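Report on the structure given below.
The values are calculated or read from the model by the stated rules, or taken from the named source; none is laboratory data. Quantities reported herein were computed from a predicted structural model and do not represent experimental measurements. Every residue, glycine as well, gets a Cβ built from its backbone with ideal geometry; the counts of neighbours run over all protein chains shown. We work out accessible area using only protein heavy atoms, side chains counted, and drop any ligands, DNA or RNA first. Shrake-Rupley method; radii C 1.70, N 1.55, O 1.52, S 1.80 Å.
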Amino acid sequence: MYGNINPYWQAIADGFYFSDATKTKYTFKQTLGIVDSGWTALSGPSNEIKFIKDWITRNMVGVKVDANGYTSFSCASYYSTLPSVYIRLGGYWIQALPEDYVIKLGTDSCTLLITVNEDFWALG
């Protein structure tokens, strides 16, 4: 599949879900996934990342997307409602809390640290 996978840092990613009431699990094509403390974002293939970002911001008003694709919104209005995102990596569900995928900038600006990476999933 992916040759020799280092079991400490790499595994196959193949699904995600949100900590909403339905807990609907979404699957996707098996993709290499890594855990990297030097990575500052949750990254993955464009289709899945677009779905995740759209789902998180679906009820938000005033969302802004900059030229680099970073999505910003009002912290005061929405931060407390953000879900955890669970990614299945190596058969285990890894939880990303809002503080893992959002950075607060200024007094009322939050930015999603969720980016596109077509080659593999990265949990930073």
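Which pairs have Cβ atoms under 6 Å, sit 6 or more apart or on different chains, and link a residue in region 91-120 that is within 17 Å of Tyr70 (Cβ to Cβ) to one that is open to solvent by less than 70 Å² (accessible area, probe 1.4 Å) and among the small types (Gly, Ala, Ser)?
Correct list of pairs: Asp108/Ser74; Ser109/Ser72; Thr111/Ser72; Leu113/Ala41; Thr115/Ala41; Thr115/Ser43; Val116/Ser46; Asn117/Ser43.
Quick check on region 91-107. Is at least one of its residues among the aliphatic types (A, V, I, L, M), modelled with pLDDT under 95, in contact with a helix residue (DSSP H, G or I) (Cβ under 9 Å, 6 or more places away or on another chain) and under 19 Å from Thr24 (Cβ atoms)?
There is no residue in region 91-107 that is among the aliphatic types (A, V, I, L, M), modelled with pLDDT under 95, in contact with a helix residue (DSSP H, G or I) (Cβ under 9 Å, 6 or more places away or on another chain) and under 19 Å from Thr24 (Cβ atoms).
How many of the residues making up region 53-69 are out of contact with any Phe, Trp or Tyr (no Cβ under 7 Å at 6 or more places or on another chain) and open to solvent by less than 80 Å² (accessible area, probe 1.4 Å)? Write out each step before concluding.
Within region 53-69, the first condition is being out of contact with any Phe, Trp or Tyr (no Cβ under 7 Å at 6 or more places or on another chain), and the residues that meet it are 53-54, 56, 58-59, 61, 64-69.
Filter again for open to solvent by less than 80 Å² (accessible area, probe 1.4 Å), leaving 53-54, 56, 66, 69.
Residues in region 53-69 being out of contact with any Phe, Trp or Tyr (no Cβ under 7 Å at 6 or more places or on another chain) and open to solvent by less than 80 Å² (accessible area, probe 1.4 Å): 5 in total.
Yes or no: Gly62 in contact (Cβ under 8 Å) with a residue 12 or more places away in the chain and out of contact with any helix residue (DSSP H, G or I) (no Cβ under 9 Å at 6 or more places or on another chain)? Talk me through it step by step, then tell me what you get.
Working: in contact (Cβ under 8 Å) with a residue 12 or more places away in the chain: yes; out of contact with any helix residue (DSSP H, G or I) (no Cβ under 9 Å at 6 or more places or on another chain): no.
Answer is no for this residue.
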